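Visitor: The structure under discussion is supplied below as C-alpha cells; questions concerning it will follow.
The values are calculated or read from the model by the stated rules, or taken from the named source; none is laboratory data. Everything numeric here is computed off the predicted structure, so don't read it as measured data. Note that each Cβ is placed from the backbone with ideal geometry, even for glycine, and that neighbours are counted across all protein chains shown. For the accessible areas, the whole protein counts, side chains as well, though only heavy atoms, and no ligand, DNA or RNA atoms are used. Shrake-Rupley method; radii C 1.70, N 1.55, O 1.52, S 1.80 Å.
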Amino acid sequence: MKAAQRHDSRFDQERVSRVPTGRVKWYDAEKGFGFLAQDGGEDVYVRKAALPAGVAGLKPGQRVEFGMAEGRRGPQALSVRLVDAPPSVVEAARRPAEELHGLIEDMIRLLETKVQPDLRRGRYPDRRTCKLSAEVVRAVARDLDG
C-alpha cells in the first residue's frame, strides 16, 4: 500500500509541475486579447475572460501560469494566474542614484536662491519662477517615488 501511495504522490508532483508557464508576449487591453510565449512551447492565445478577477490586462514580460485548451486556431489559455508582478516600466527607466543626487542638489540651490528670498518677504516669486520650481520638484518626486 505504501508503494502505491508513493506512486500517487509522484504522479501528483508531476501533474503539478506540468502546469504551463510562460511570459506575456503582448496583450491589448482595448481589444481584450493577446499572446503568451509558453516556456518550451508554442505561443498561446489569451483573452480577457481568462484573466483573474480584478486584472484588467497583462504587461509584456510578465510571468504567468495557465490552463490550456485546444481552440479552433491553436492553444488557448484558461484560468491565467499571475506568477509575479508586471515589470515596472518606470523602474527600468529610473535614473541612477548618483544622477538623482546631483538633481536634488540643483533643486535645493534653485529653491534657496529663487524661491525662499521672496517667501521671506511675504510674497510669492513671479509666475515663471514658480512654474519652473514646481516642475523641478515634481520631476525629482517622480524619480524618488519610482
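Visitor: Would you point out which residue out of Arg128, Arg123, Arg94, Arg81 is open to solvent by 80 Å² or more (accessible area, probe 1.4 Å) and assigned to a helix (DSSP H, G or I)?
Guide: It is Arg128.
Visitor: Scanning region 54-73 for residues that are small (Gly, Ala, Ser), farther than 15 Å from Tyr27 by Cα and at pLDDT below 90, which turns out surrounded by the most Cβ atoms within 10 Å (Cβ to Cβ)?
Guide: Filtering region 54-73 for residues that are small (Gly, Ala, Ser), farther than 15 Å from Tyr27 by Cα and at pLDDT below 90, the one surrounded by the most Cβ atoms within 10 Å (Cβ to Cβ) comes out as Gly71.
Visitor: To continue, here is another question. For Ala69, are the conditions met, namely being among the small types (Gly, Ala, Ser), in contact with a Pro (Cβ under 8 Å, 6 or more places away or on another chain) and without any contact (Cβ under 8 Å) to a residue 24 or more places away in the chain? Before you say what the answer is, go through the steps one by one.
Guide: Numbers: among the small types (Gly, Ala, Ser): yes; in contact with a Pro (Cβ under 8 Å, 6 or more places away or on another chain): yes; without any contact (Cβ under 8 Å) to a residue 24 or more places away in the chain: yes.
For Ala69, the condition - among the small types (Gly, Ala, Ser), in contact with a Pro (Cβ under 8 Å, 6 or more places away or on another chain) and without any contact (Cβ under 8 Å) to a residue 24 or more places away in the chain - is met.
Visitor: Got at least one residue in region 104-115 being within 27 Å of Pro52 (Cβ to Cβ), open to solvent by 60 Å² or more (accessible area, probe 1.4 Å) and either at pLDDT below 90 or among the hydroxyl-bearing types (Ser, Thr, Tyr) (or both)?
Guide: no
Visitor: Would you call Lys25 at pLDDT 85 or above and open to solvent by 60 Å² or more (accessible area, probe 1.4 Å)?
Guide: yes
Visitor: Right, next: What's the number of the condition Lys114 fails, among (1) touching a residue at least 12 places away in the same chain (Cβ under 8 Å); (2) in a loop (DSSP other than H, G, I, E, B); (3) among the basic types (Lys, Arg)?
Guide: (2)
Visitor: Still on this structure: Can you work out which of the residues in region 34-50 that are within 18 Å of the chain's Cα centre (by Cα) and in a strand (DSSP E or B) is surrounded by the fewest Cβ atoms within 10 Å (Cβ to Cβ)?
Guide: Filtering region 34-50 for residues that are within 18 Å of the chain's Cα centre (by Cα) and in a strand (DSSP E or B), the one surrounded by the fewest Cβ atoms within 10 Å (Cβ to Cβ) comes out as Ala37.
Visitor: Which one is modelled with the highest pLDDT, of the residues in region 1-22 that are open to solvent by less than 80 Å² (accessible area, probe 1.4 Å) and small (Gly, Ala, Ser)?
Guide: Gly22
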